[in-house]
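The values are calculated or read from the model by the stated rules, or taken from the named source; none is laboratory data. Keep in mind the model is a prediction, meaning the values are calculated, not measured. When we count neighbours, we look across all protein chains shown, and the Cβ atoms used for this are built from the backbone with ideal geometry, even at glycine.
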Amino acid sequence: MIKIEALIRPQKLDDVKVALTDMGVRGMTVTEVRGAGKQKGFTQHYRGAEYSVNLIQKVKLEIVVQDKDAAELARVIAETARTGEIGDGKIFMTPVAEVIRIRTGETGDIALQ
């Protein structure tokens, strides 16, 4: 099993969710996060004062899938979330040793369903 963590632009979330649903993904965790990378931030003016916003708002998707589906899922997320501009995000893929469904005690691939 592979855990896919994708950091994407908030405005791309709906498009990515539709694409993942079309692929048959049934569960995901979505978290609003803030971070900095190459995008670095921006400067705003508020009531005559200038201030710098260093941490940019992003959305973090976390999905655990079977190994055979991970590369295709990551490809679809990347294509759907891409704008071609700095700040589109990143995708991290890490192995998952075990999954346990708390309610039933099921483990492994069956706990993903």
### Message
Tell me whether region 83-91 contains one or more residues that are touching a helix residue (DSSP H, G or I) at 6+ places or on another chain (Cβ under 9 Å), surrounded by 11 or more Cβ atoms within 10 Å (Cβ to Cβ) and among the acidic types (Asp, Glu).
### Response
yes
### Message
VAL76 - would you say it is part of a loop (DSSP other than H, G, I, E, B), surrounded by 12 or more Cβ atoms within 10 Å (Cβ to Cβ), on the phi < 0 side of the Ramachandran plot and modelled with pLDDT of 90 or more?
### Response
no
### Query
Which pairs do you get when a residue that is over 16 Å from LYS3 (Cα atoms), found in region 85-108, comes within reach of a residue that is of a type in the set (D, E, K, R) and surrounded by fewer than 10 Cβ atoms within 10 Å (Cβ to Cβ), reach meaning Cβ atoms under 8 angstrom, with the pair 6+ apart or on two chains?
ILE86/LYS38; GLY87/LYS38
### Message
Would you confirm, using the coordinates I've provided, whether ALA97 is surrounded by 14 or more Cβ atoms within 10 Å (Cβ to Cβ) and either part of a loop (DSSP other than H, G, I, E, B) or of a type in the set (A, V, I, L, M, F, W, C) (or both)?
### Response
no
### Task
Determine, yes or no, whether THR94 is touching a helix residue (DSSP H, G or I) at 6+ places or on another chain (Cβ under 7 Å) and modelled with pLDDT of 95 or more.
no
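This table checks each residue for (1) under 22 Å from LEU112 (Cβ atoms); (2) part of a strand (DSSP E or B).
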{"position": "ILE4", "(1), (2)": "yes, yes"}
{"position": "ASP15", "(1), (2)": "no, no"}
{"position": "LEU20", "(1), (2)": "yes, no"}
{"position": "GLY24", "(1), (2)": "yes, no"}
{"position": "GLU62", "(1), (2)": "yes, yes"}
{"position": "LYS68", "(1), (2)": "yes, no"}
{"position": "GLU72", "(1), (2)": "yes, no"}
{"position": "LYS90", "(1), (2)": "no, yes"}
